[in-house]
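The values are calculated or read from the model by the stated rules, or taken from the named source; none is laboratory data. Here the structure is a predicted model, which is why all the values come from computation and not from measurement. Quick reminder, even Gly has a Cβ in these numbers, built from the backbone with ideal geometry, and neighbours come from all protein chains shown. For accessibility, only protein heavy atoms count, side chains too; no ligands or nucleic acids. Shrake-Rupley method; radii C 1.70, N 1.55, O 1.52, S 1.80 Å.
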Amino acid sequence: MKTAVPCYYHLDVDVSQERVGQVRRILAAHLRLWDLEILVEPVCRGAELLLRAIDEHATDKHTSIELWWNGQHLITAIGDNDRDLRPDLELRACLTRIAAMSDGWGCCATGTGSKVIWFSQRARSGERVPRVPRTPAPRLSEMLELPREVPAALPDRPADGVLEDAK
């Protein structure tokens, strides 16, 4: 059995209208590097929606973008530093679209008062993902059972379980 190689990428950016397209190309390049071509469009579209909303509504444009790939899910998280930007007001339309196109999403506050908005995309079966070999772990169900009776045709065994050398 093979398991996928976990991947992580972090990008800090000051959001502007010109930088949104650049960030989209950077994220697409990393997804292609990780052999996740099928996720490029939905992930880049979701990140672009959030970045454009931050550019339009936030006063502090410094943003952190993170990608985590665990072999089944790709999680994209975008954190902003604007304490006044409220997901329930300014970002409502953006979050509604992200919820419709992702497998999961959420928003959480950080210790500094900023927020992180994340969404996940699941790689469907049959898609090509980076893989590495893994050594199998023994399972109890794979052990052979001992015979309950010793067949009469077999010679007697010594009591200590060691066979004597034939002379």
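Annotations for the structure displayed:
- Linear extension gain, Ala29 paired with Ala109, 0.36 nm per residue minus alpha-carbon span: 25.9 nm
- Relative packing of peptides 44-56, 14-26, 103-115 - highest average C-beta neighbours within 10 Å first: 44-56, 14-26, 103-115
- By a 1.4 Å probe calculation restricted to protein chains, Arg92 has an accessible surface near 140 Å², given to the nearest 10.
- Here the Karplus relation 6.51 cos²θ - 1.76 cosθ + 1.60, evaluated at θ = phi - 60°, turns the backbone of the stretch 103-112 into coupling constants of 7, x, 7, x, 9, 9, 8, 9, x, 8 Hz, with x for every Gly and Pro.
- Electrostatic dipole magnitude of the stretch 1-114 [Cβ: Lys, Arg +1; Asp, Glu -1; Cα centre; debye, to 20]: 300
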